[in-house]
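Asker: Encoded as structure tokens, here's the structure I'll be asking about.
No value in this document is a laboratory result; all are computed from the given coordinates. Since the model is a prediction, treat every value here as computed from it, not as a measurement. Cβ placement follows ideal geometry from the backbone for every residue including glycine, while neighbour counts extend to all protein chains displayed.
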Amino acid sequence: MKRLLDLIPAGGDAMAKEVERLFRRNADDHTPWRDAEEFLETLDRALNGSEAEKAEARAWIAAREPNKFNPISEQQVLDLNLKARTYLLCACHWFVHDGNVSGERWHPYVRWADQLTDLDTIASFNYDLVIERAAGTRISPLTPKQPSLDQEGRARTKQPLFLKLHGSVNWRLGDKTFFHEIAEPIELLKQGYRPAIGIPGPFKLKLTTGELQPSFEIVENALKEATRVVFLGYRFPPTDNEAKRRLLTAIGANQRPEFEITVVLGPDVGHEDVMRLRGLLKWARPRDSESRIHVEPLWVQDFLGVVRVPFFT
């Protein structure tokens with residue numbers, strides 16, 4: 001992390017320490033965030049929420065460091081959001097940036113990417129470039145600048161459809177909309193751009209119902225026609241209510257008799273995340289969920305290391 005943060009203007013280490021200090025909770029804290037997602041949501045509400053949400057979120061932030069934020073200014077809220085977004089970009093990107101794709105740890109992901117065809121659709125909520133790195137140049141995501149699909153081109157190259165529903169570390173934000181930038185995240189940071197990643201909060205909802213709306217519609221249509229849906233490490237976190245509503249509705253609308261759902265969230269099938277996702281899927285398909293939902297007691301890398309085509313197609 002330190003090597004990447006050193007490249008950020010105005011001192012990466014100082015920025016990281018400020019974000020971590022605000023986020024850190026003690027056992028007796030009553031802050032409104034329990035994890036990193038809810039912390040980011042609080043920062044975003046302070047900037048993009050309703051007037052009541054802004055006031056409440058700003059009060060919580062000011063209470064963390066009353067000597068610095070008393071009262072907290074609009075510019076300080078803007079700065080904190082940019083710092084948190086930048087820090088998140090670094091955290092998401094660093095292990096990919098420094099990783100050896102030919103190394104043993106990457107083998108399951110490379111193997112999986114090599115098996116995908118134009119019959120497959122990847123819907124990712126990750127900001128990082130793991131899939132792009134694992135697939136080389138063979139798989140690239142549709143961007144907000146690509147509203148139409150080249151079906152013939154995909155069939156000819158056997159390229160799967162790949163959509164990033166919460167943005168990407170190599171996309172940048174303009175003043176009012178997305179601008180796609182094919183560049184290393186480090187270069188975007190050095191040029192001072194805002195990373196186009198839908199961190200939890202009101203701004204993410206604006207993205208998913210705005211610039212990323214066409215991508216969501218493509219995924220919804222794919223879910224309605226799929227023969228199999230595989231959840232790889234994704235659990236519909238509490239900050240993803242819009243995605244939960246839309247994707248579960250599409251899954252419930254699937255009429256294919258052979259339709260099946262596979263859940264891969266780790267070896268503890270009794271974990272609350274597994275039980276919660278299974279419950280959500282049952283409510284999405286109350287008529288036949290028991291026979292169609294399969295939970296694998298594996299980590300994602302285990303599953304991708306053993307599963308074989310034609311499973312994904």
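Asker: As a quick test, which of the pairs 17/164; 158/244; 54/164; 224/282 have an alpha carbon distance above 25 angstrom in this structure?
Answerer: On the way: 17/164 29 Å; 158/244 29 Å; 54/164 28 Å; 224/282 16 Å.
The pairs that break the limit, which is 25 Å between Cα atoms, are 17/164; 158/244; 54/164.
Asker: Further, regarding this structure: In a shell of Cβ-Cβ distance under 11 Å around residue 290, excluding residue 290 itself, what net charge do Lys and Arg (+1) and Asp and Glu (-1) give?
Answerer: Details: positive: 278, 282, 285, 287, 292; negative: 288.
Net local charge, residue 290 excluded: +4.
Asker: With charges only on Cβ, +1 for K and R and -1 for D and E, what is the dipole size of the stretch 63-138 about its Cα centre, in debye, rounded to 20?
Answerer: About 240 debye.
Asker: Here's a follow-up. Rank-order 125-136, 239-250, 286-297 by packing density, defined as the average count of other C-beta atoms within 10 Å over each peptide's residues, highest first.
Answerer: Values: 125-136: 19.1, 239-250: 17.2, 286-297: 13.7.
Most protected by this proxy first, the peptides run 125-136, 239-250, 286-297.
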